[in-house]
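Q: Quick one: the structure is below, questions incoming.
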Amino acid sequence: MSDVPVSGAAFRETFLQALDQVLAAPLFAPLLPFLTREKREMILSFIERLVEANRSLNLTAITDPAAIAAKHVGDSLTCLLVGDWPEGASVCDIGTGGGFPGMLLAIVRPDLDVCLVDSAGKKVEFLASVARELATPVRTVHGRAEELGRRGEFRERYDVVVARAVARLPVLAELCLPLLKRSGWFIAMKGPAGREELAESGRALRVLGGEAHEVREVALPLDAGQRTLIAIRKEGSTPPSYPRRPGIPAKKPLL
Ligand code: SAH
């Protein structure tokens, strides 16, 4: 591992090369018009700051530049391949952590109105400062999805709600669906067992007003693994009793 660069010119070069390889995969062909050289450089700037901040904050377990390119950047962008992301759509990333996928969406699709939500204040502070430095227009919100889902400013306000690596689908649905407008899309970014989670989510989706429309399995480039994208459309409104109080969706999932 000692020959893997962690910063400086070697890191930048390795990262950009790996990123070009990742984005050259046929999977990303529909996104190519958005993936200009300038955007790739912006992604690099974001990743450099992330790796730097990661010394004191727990933002990512992955620090190898090629692995970041595939497993964080490539993976984050896959959500744009399902559902519907119209020009200017309002998007909320629940449990964004170090900014995945939300920061990538904001960089690659500056037309989107992106809100990054996390319950960890330090992560949100980091994202707010990177967004300022890079002049990426995102809104950052420190809070729990269960609370935001009950506030008028956030409830049923988004065209797309996305989440990666936050909770199992029956729980995640309760965190995300209340924030969605009718006809909006909830995109759950899951690992290889995504279909099994969907099979457990029938009741949660029925109760919360969601309906699964598309399940897409993707193989990340550079052998970075299998992912499952689940696109759920909000067909009905969410009853006022949801989301339940913080922690309850995880403790008593709608199974
Ligand atoms: N989406 C990122 C981070 C995943 S880790 C990625 O894929 O890399 C899960 C994140 O969700 C953590 O940062 C945690 O603070 C946040 N989180 C967990 N439960 C939450 C909740 N109920 N509301 C908001 N954020 C939550």
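Q: Can you tell me how many residues in the range 120-142 are surrounded by fewer than 17 Cβ atoms within 10 Å (Cβ to Cβ) and either of a type outside the set (A, V, I, L, M) or over 20 Å from SER76 (Cβ atoms) (or both)?
A: Number of matching residues: 9.
Q: Something else: Across the range 48-70, what is the number of residues that are buried (at least 22 other Cβ atoms within 10 Å of the Cβ) and either of a type in the set (Lys, Arg) or within 18 Å of GLN21 (Cα to Cα) (or both)?
A: 4
Q: Now for a separate question. Tell me the helices (runs of 4 or more DSSP H) entirely within the range 71-167 that contain at least 3 residues that are more than 10 Å from the ligand (Cβ to nearest atom).
A: It comes to 102-108, 121-133.
Q: If ALA61 passes every condition in (1) assigned to a loop (DSSP other than H, G, I, E, B); (2) in contact with a helix residue (DSSP H, G or I) (Cβ under 7 Å, 6 or more places away or on another chain) but one, which one does it miss?
A: Unmet for ALA61, out of (1) assigned to a loop (DSSP other than H, G, I, E, B); (2) in contact with a helix residue (DSSP H, G or I) (Cβ under 7 Å, 6 or more places away or on another chain): (2).
Q: Could you tell me how many of the residues in the range 126-144 are closer than 23 Å to CYS176 by Cβ and not β-branched (Val, Ile, Thr)?
A: Number of matching residues: 9.
Q: Regarding PHE15, is this residue aromatic (Phe, Trp, Tyr), in a helix (DSSP H, G or I) and surrounded by fewer than 21 Cβ atoms within 10 Å (Cβ to Cβ)?
A: no
Q: Given the structure, is LEU32 in contact (Cβ under 8 Å) with a residue 12 or more places away in the chain and out of contact with any Asp or Glu (no Cβ under 9 Å at 6 or more places or on another chain)?
A: So LEU32 fails the test.
Q: Would you check which residues across the range 229-255 are in contact with a Leu (Cβ under 8 Å, 6 or more places away or on another chain) and either within 13 Å of the ligand (Cβ to nearest atom) or among the β-branched types (Val, Ile, Thr) (or both) and list them?
A: Matches in the range 229-255: ILE230, ILE232, THR238, PRO243, PRO249.
Q: Would you check which residues across the range 218-255 are in contact with a strand residue (DSSP E or B) (Cβ under 9 Å, 6 or more places away or on another chain) and small (Gly, Ala, Ser) and list them?
A: Once the filter is applied, which keeps residues that are in contact with a strand residue (DSSP E or B) (Cβ under 9 Å, 6 or more places away or on another chain) and small (Gly, Ala, Ser), the range 218-255 yields ALA219, GLY225, ALA231, GLY236, SER237.
Q: Also: Which of (1) touching a residue at least 24 places away in the same chain (Cβ under 8 Å); (2) more than 16 Å from the chain's Cα centre (by Cα); (3) within 15 Å of the ligand (Cβ to nearest atom) is the odd one out, the single condition PRO192 does not satisfy?
A: Result: PRO192 fails condition (3) only.
Q: Among the residues that make up the range 82-91, is at least one of them charged (D, E, K, R), at pLDDT 95 or above, more than 19 Å from ILE187 (Cβ to Cβ) and surrounded by fewer than 18 Cβ atoms within 10 Å (Cβ to Cβ)?
A: Scanning the range 82-91, I find no residue that is charged (D, E, K, R), at pLDDT 95 or above, more than 19 Å from ILE187 (Cβ to Cβ) and surrounded by fewer than 18 Cβ atoms within 10 Å (Cβ to Cβ), so the answer is no.
Q: Here's another thing I want to ask about it. What single numbered condition from (1) under 29 Å from ALA70 (Cβ atoms); (2) within 12 Å of the ligand (Cβ to nearest atom); (3) touching a strand residue (DSSP E or B) at 6+ places or on another chain (Cβ under 8 Å) fails to hold for VAL215?
A: Here VAL215 clears every test but (2).
Q: Can you report the number of residues in the range 202-222 which are charged (D, E, K, R) and without any contact (Cβ under 8 Å) to a residue 12 or more places away in the chain?
A: 1
Q: Report yes if VAL171 is outside any helix (DSSP H, G or I) and within 14 Å of the ligand (Cβ to nearest atom), otherwise no.
A: In short, no.
Q: Within the range 30-49, is even one residue of a type outside the set (S, T, N, Q), touching a Ser or Thr at 6+ places or on another chain (Cβ under 7 Å) and within 15 Å of the ligand (Cβ to nearest atom)?
A: no
The values are calculated or read from the model by the stated rules, or taken from the named source; none is laboratory data. If you're wondering where the values come from, they're calculated on a predicted model, not measured in any experiment. Reconstructed Cβ throughout: ideal geometry from the backbone, glycine too, with neighbour counts over all protein chains shown.
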